[in-house]
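Asker: This is the structure I want to talk about, given as structure tokens.
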Amino acid sequence: MEWANQLCENRQFGSKMTDSKYFTTTKKGEIFELKAELNSDKKEKKKEAVKKVIASMTVGKDVSALFPDVVNCMQTDNLELKKLVYLYLMNYAKSQPDMAIMAVNTFVKDCEDANPLIRALAVRTMGCIRVDKITEYLCEPLRKCLKDEDPYVRKTAAVCVAKLHDINAQLVEDQGFLDTLKDLISDSNPMVVANAVAALSEIAESHPNSNLLDLNPQSINKLLTALNECTEWGQIFILDCLANYTPRDDRESQSICERVTPRLSHANSAVVLSAVKVLMKFMEMLPKDLDYYSTLLKKLAPPLVTLLSAEPELQYVALRNINLIVQKRPEILKHEMKVFFVKYNDPIYVKLEKLDIMIRLASQANIAQVLAELKEYATEVDVDFVRKAVRAIGRCAIKVEQSAERCVSTLLDLIQTKVNYVVQEAIVVIKDIFRKYPNKYESVIATLCENLDSLDEPEARAAMIWIVGEYAERIDNADELLESFLEGFHDESTQVQLQLLTAIVKLFLKKPTETQELVQQVLSLATQDSDNPDLRDRGYIYWRLLSTDPVAAKEVVLAEKPLISEETDLIEPTLLEELICHIGTLASVYHKPPSAFVEGSRGVMHKRLPARTGSGESTESPDVGAAGGSAPEAAPSIIPSQGDLLGDLLNLDMAPPTTSGPPPPSTGMQMGGMDLLGGGLDSLMGDESEPLGGDIGGSPAMGAGFGAAPAVMPASLNAPVGGGLGDLFDLGGVGMPMGAYIPPKIVWLPAMKAKGLEISGTFARRAGVIQMELILTNKAMSVMTDFAIQFNRNSFGLAPAGPLQVLTPLGPNQTIEVSLPLSTVGPVMKMDPLNNLQVAVKNNIDVFYFSCQYPISMLFVEDGKMERQVFLATWKDIPNDNESQFQIKDCHLNSDAASSKLQGSNIFTIAKRTVEGQDMLYMSIKLSNGIWVLAELRVQAGNPNYTISLKCRAPEVSQCVFQCYEAVLKN
Amino acid sequence: MQFPAKMIHSLFLVNSSGDIFLEKHWKSVVSRSVCDYFFEAQERASEPENVPPVIPTPHHYLISVLRHRIYFVAVIQSEVPPLFVIEFLHRVVDTFQDYFGVCTEAAIKDNVVVVYELLEEMLDNGFPLATESNILKELIKPPTILRTVVNTITGSTNVGEQLPTGQLSVVPWRRTGVKYTNNEAYFDVVEEIDAIIDKSGSTITAEIQGVIDACVKLTGMPDLTLSFMNPRLLDDVSFHPCVRFKRWEAERILSFIPPDGNFRLLSYHVSCQNLVAIPVYVKHNITFREGSSQGRFELTLGPKQTMGKGLEAVLISSQLPRGVLNTNLNPSQGTYNFDPVTKLLSWDVGKINPQKLPSLKGSMSLQAGASKPDENPTINIQFKIQQSALSGLKVNRLDMYGEKYKPFKGIKYMTKAGKFQVRT
């Protein structure tokens, strides 16, 4: 350790009396020296040596070699030395299981010691040693300790049951420890009760359906009694347990609330928040006209406010929870707005949360104060925070209608500051304000236009373009403005390109006479010169619309849009209810359903995914009206049966008005685009391919309705479509000769286990290349991106030969097929079964693991045909012990057919003999790692059972090879 | 292979330069590499205190607190209440401080074996075991220079041989058999005022965080009651577990058997709805002119509503805009300092004499040709007022029952600035 060396230098003359001296020996002979000291006769020297060992351990040095010597020090009456040895044992017993057995006797003896401290220490340490052999010896001492006369021992033993359950659940059940644990809930000592509850809760986590914590009015009463007397930590366990109970009626509910309320005054914030959870849940059952109900509401505010004066980390968790509470019951904190005002030296994570809650609490009564604060924040130093503050002003305008005007003028003031990022944020939120209050604040457009040049962020540019398009009829130079954007069309981000396309089409529909040229220009840029399928499609859709029926186009594109509302950033009610039941947990911090946090132990996977931020909720975009209502009617003439996708497509390109997360990845649409194109093409391309181009270009309506369309268009239209087709064929990676056996695809990773990502697949060998063929399906609500794959070391060194080619994000309910070429030069480790492969797949959400088995036939190489002579010699050379025989039943092929079928999978027949009506086929196989397998297949005419003998120098592969024979011959 | 772990799995201590200098695992060993996610977040954070307290990683969650410039990073594996973990971590820090006087990297390394023993005693299988300082001190004696010397000579130990008596009694926070020759009980009422004052001098928010810290050294099992002249001020309180809540609800009297030694009896909150007096005012004039490379800076402080008590230990600090190159200021009293790198201005004022108000005046030089700074600096004020609790809270009387001797009693009041900010 570097710092240990430093210490060595710094402290040589310093405090000799402190433990840091233990770090000073970093010489090579250290272990030997320690060994000698540990075996010293002098007690003091021994203890010092053990301390040195522990010190080395704490900084991550490996001192496991000293195991026997340290264990020898265990039998001592010196409690400190014993504790130190125990500390060491817990750390290293796992790596030295055989040695750990040596300690068992001392443990068992210590469990009988007269001193309860030693009894408890022994049973506690034994439970921490995760070695199977030790657990066998643990049962008897544990049983005694659970019934010990001393409550200190009992409460330690209760925790030990949970530890043992973790190591060997079956053992705990067989030994009846669970029942003993349940009995401890009625123990006379509250500390024992609390620990029993804690242990049972932990065990229940891995048995979701068991009835371990049987909550009934009697047991609840016991818990409530223990609640008053146990330690703060015990109170948390008990409160969390109470929260799972459902009272029979409102009277029981009220009486529990009454007994829980005093916990709101506890100094430990975790106790307070757990109490808040119980109260928030049980309050649901109380009638609202009850006096007690309003008393309770009043009692909830002060403790929540107090949490905000704690350390910043506590504040953060408290704020995340308060965010839920104000959404559920805004009345609790409606008068406490000021405590959420931001102090300039709050950590940024606290500032952002406070801001969010301020908006949730904003109302007509306090909006003036809130706006003054927000304006103040907009002059702060931290850029992120300033941006959020500006957005918050927009959210206030949308939430509190009466304040909209004031908000707009505040935003205009901010625009006057000319601070670049402030101006850009302001324009983005003003766009949202227009969407909420159309035709009200257009007077500000002139001011906005003045700042056109300073906009360099795509979101702000897109917002500005949207405003220009939407109000084109009132902006005299709208065409000039839009034209200026068009110059650098290809350098713009997709978001801006799409918006520009739509805005110009709007402009054209509003002022058709003077903007024909412009609209042609943008349509041709979008359809011909862009390789973004999404943009291309939207271009075609507009083109088609304009060319067939300009009146319909007007109805579609300029349709009245639904107003946006505050709802967009509220948590969905069902999720909110669920989260309220989990106040104080990680779920409440992340605002995600709790099932997302319990790895594997609870089987229930909620399909609903994060509602708070990001792409899942992008429902309100300026175009939604256009798409929602009439677009599907217009669509079929171009793309049959894809009406919904059209909606999605138009829907996705602008972030929801005030989402606090990143805007949905704009490339997310590309998948949609692909599908759209593919689906449309399937039906269009069926027997004739030209009509697609001809249909669009040659349509008579085009000439009429859209007279200015240039004559060159029809011809050039084919080009981009053709390109799209090519893409489509590339995707599948099919079309190779289908000789080798390929097992059907099976599900390797169910969506339930992978946060919505389902993976199924198979393996194939095509033209000498091993392929892993995968189907990825996104069953979650949010877009998945950034896929990558990795294998664990495996028997044949299989490894991906390239990255996983999922270039486009995978949208909800979309599926993609990928084939991944594999190499056999990766690191090797023998697996059991031999053909087992452990795979890790990563995406933007998480990393997921699964294992699958590949048919070993994949590894049979093409040059596996052995010379006859060599075959004979090798067959003789391999000892008979290595020969294994198998039966293949119910196979109705004759020997020739079998032979040719096997050849397809690189199993080569070298010779054939017929003896007494029995065909004997001699075959050879070569594996990718150079192992040869020789086989003799006996086929008796009329007998569907084959006999196969395999000989190989590595006989462990025989079983797998046999399985391949069976699979190949039967498929 | 993964084990579902209900509680804290591991603890890493990380110093400000990003080195792990101690690790402790309560279950199986979690590789240090899990901290890489923490280091990433640390790198992204503009200031050390901006590292988010909860960080998800593929298989674990990292929950951290920053105290004494050390990050205490707990590793948990599944759903665990984050507050539980954060509270526990703070308790660990408090314990270290209690044992070693300071909680620094050096102190922790110097006492690494005690640290290890403490951590093992505080958490079993991830469940908190003994976190009360009274009980811990019976199990593991705090190191003192004298004891270390004695131990080295005699070979005696730090570890208590007896079961801590308090742990099982009905009053788990107090050990039995306490004996003192001088029986004394001191209570400190300390209030911190947090406030935001706007440009024009009007109060945006003001609130008081108060605590009553006690140092009780009484023989036997004393039962104390503490009553207030004006208990109605206390509508938002958090009590030490020793306080009998029912009695408070009914009579507004604090009745308790105290822990032995130092403890926080109660903390309370007086919020903005009640009238909070603002003890200090600031007159300021900080201006920049467009096109000029000079800015004006003027600050005058004065007392306000201090109930006749003087303002002491006044310290002003302000983060000036990035565009400020240097300052040329003249304090009427005290010393001032401007750090041109961090742009932090601090002025140690000392006492305020109401007859001669302290002021700091002069000019700021800006980068030539740069535009006028966008941000308005905020002024942070620290001060102390002795012998007064700003809320007006007053203890009426302290009585002791259950023991026969007469204890010596004392009560002290003090007000301090917490986050007291004036916007300009």
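Coordinate-derived values only; no laboratory data. Everything numeric here is computed off the predicted structure, so don't read it as measured data. Cβ: placed from backbone, ideal geometry, glycine included. Neighbour counts: every protein chain shown.
Asker: Find out how many positive minus negative residues lie around A:Lys83, taking Lys and Arg as positive, Asp and Glu as negative, among other residues whose Cβ is under 10 Å from that of A:Lys83.
Answerer: Every neighbour counted, the sum reads -3.
Asker: Still on this structure: Taking chain B as the reference, fit the longest principal axis to its C-alpha atoms, fit the long axis of helix B:82-100 to the helix C-alpha atoms, and give the angle between the two in degrees, 0 to 90, nearest 10.
Answerer: Tilt relative to chain B: about 80 degrees.
Asker: Evaluate the Kirkwood expression for the hydrodynamic radius of region A:404-464, namely the inverse of the mean inverse distance over all pairs of different C-alpha atoms, and round to one decimal in Å.
Answerer: Final number for the Kirkwood radius of region A:404-464 is 11.4 Å.
Asker: Just tell me which lysines come within less than 26 Å, Cα to Cα, of A:Lys901; anything on the same chain fewer than 8 places away is out.
Answerer: Result set, ordered by chain and number: A:Lys745, A:Lys865, A:Lys889, A:Lys912, A:Lys926, A:Lys951, A:Lys970.
Asker: Could you list A:Arg766, A:Arg538, B:Arg247, A:Arg251 in order of exposure, starting from the residue whose Cβ has the fewest other Cβ atoms within 10 Å?
Answerer: Lowest count first: A:Arg251, B:Arg247, A:Arg766, A:Arg538.
Asker: What average count of beta carbons from other chains do you get within 10 Å of the Cβ of residues in A:300-312?
Answerer: 5
Asker: I'd like the distance separating the alpha-carbon centroids of region A:376-397 and region B:245-288, in whole Å.
Answerer: 32
Asker: Which aspartates and glutamates, on any chain, are close to B:Lys394 with Cα under 17 Å apart, when same-chain ones fewer than 8 places away are left out?
Answerer: B:Asp188, B:Glu191, B:Glu192, B:Asp213, B:Asp235, B:Asp236, B:Glu251
Asker: How would you classify region A:436-592 from its alpha-carbon gyration tensor, with a ≥ b ≥ c the square roots of the eigenvalues: rounded for a/c under 1.5, else prolate if a/b is greater than b/c, otherwise oblate?
Answerer: prolate
Asker: Moving on. For the residues B:Phe39, B:Phe88, what sequence is obtained by ranking on other C-beta atoms within 10 Å, fewest first?
Answerer: Ascending Cβ contact count within 10 Å gives the list B:Phe39, B:Phe88.
Asker: Please state, rounded to one decimal and in Å, the Kirkwood hydrodynamic radius that region B:215-265 gives when every pair of distinct Cα atoms enters the mean of 1/r.
Answerer: Hydrodynamic radius (Kirkwood, Cα only) of region B:215-265 equals 11.7 Å.
Asker: Return an integer: the convex hull volume of the alpha-carbon atoms of region A:915-971, in Å³ per residue.
Answerer: 80
Asker: Could I ask something else about it? From largest to smallest, what semi-axes in whole angstrom does region B:66-131 give when each is the square root of 5 times an eigenvalue of its alpha carbon gyration tensor?
Answerer: Values for region B:66-131, descending: 21, 14, 10 Å.
Asker: Same structure again: Rounded, prolate or oblate, given the Cα gyration tensor of region B:185-259, with a/c below 1.5 counting as rounded?
Answerer: Prolate is the answer for region B:185-259, as a/c is 1.5 or above and a/b outweighs b/c.
Asker: Now, a different point. Using a cut-off of 16 Å between alpha-carbon atoms, which aspartates and glutamates can reach A:Lys45, once sequence neighbours fewer than 8 places away in the same chain are excluded?
Answerer: The reachable aspartates and glutamates, counting only those whose Cα sits under 16 Å from A:Lys45, are A:Asp19, A:Glu30, A:Glu33, A:Glu37, A:Asp69, A:Asp77, A:Glu80.
Asker: Give the residue from B:Thr342, B:Ser359, B:Ser371 lying farthest towards the positive end of the charge dipole for region B:337-382; charges sit on Cβ (+1 for Lys and Arg, -1 for Asp and Glu) and the dipole is referred to the Cα centre.
Answerer: With unit charges placed on the Cβ atoms, the residue in question is B:Ser359.
Asker: Give me the percent relative contact order of chain B, please, defined on Cα pairs under 8 angstrom at least 6 residues apart.
Answerer: Relative contact order comes out at 14 percent.
Asker: A further question follows. Using the Cα gyration tensor of chain B, with a ≥ b ≥ c the square roots of its eigenvalues, what is the shape: rounded (a/c below 1.5), prolate (a/b larger than b/c) or oblate (neither)?
Answerer: Since a/c reaches 1.5 but b/c is at least a/b, the shape of chain B is classed as oblate.
Asker: Taking every residue in A:228-237, how many Cβ atoms of other protein chains lie within 10 Å of its Cβ, on average?
Answerer: Mean partner shielding for this stretch: 5.
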